[in-house]
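For reference, the structure is listed below as structure tokens.
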């Protein structure tokens with residue numbers, strides 16, 4: 001049962017991340033939109049991986065908190081910024097600001 005719980009948490013994180021990327025992509029155009037959609041598809045593939053490890057009755061995960069989603073997405077986007085040549089500290093700040101701003105725009109609120 002502990003393994004199922006761990007898989008459910010991972011499934012929830014991947015599904016939540018896919019939802020965030022989809023929502024952000026709806027508000028963007030061009031290359032930025034395509035990148036966000038590609039990230040959403042990758043997260044959906046990751047979610048499918050964890051769902052396949054669970055019995056169908058166990059596939060209803062508990063959604064992660066908004067704070068957990070922001071932290072996860074900021075970490076992943078930080079990797080993208082670092083790959084484009086930004087120093088790690090700048091990459092993490094830019095990623096956190098982008099995710100926080102994007103989620104605030106999507107949900108019409110300020111996230112602090």
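The values are calculated or read from the model by the stated rules, or taken from the named source; none is laboratory data. Quick caveat: nothing in here was measured; it's all calculated off a predicted structure. We place every Cβ from the backbone using ideal geometry, glycine too, and count neighbours over all the protein chains shown.
Could you tell me whether any residue of the stretch 49-71 is at pLDDT 70 or above and under 12 Å from the mean Cα position of the chain (by Cα)? So far as the stretch 49-71 goes, no, none of its residues is at pLDDT 70 or above and under 12 Å from the mean Cα position of the chain (by Cα). Screening residue 46 on (1) outside any loop (DSSP other than H, G, I, E, B); (2) modelled with pLDDT under 90; (3) surrounded by fewer than 19 Cβ atoms within 10 Å (Cβ to Cβ) shows it passes everything except condition (2). Answer with yes or no whether residue 91 is modelled with pLDDT under 75, out of contact with any strand residue (DSSP E or B) (no Cβ under 6 Å at 6 or more places or on another chain), part of a helix (DSSP H, G or I) and loosely packed, with under 13 Cβ neighbours inside 10 Å. Criteria not met by residue 91.
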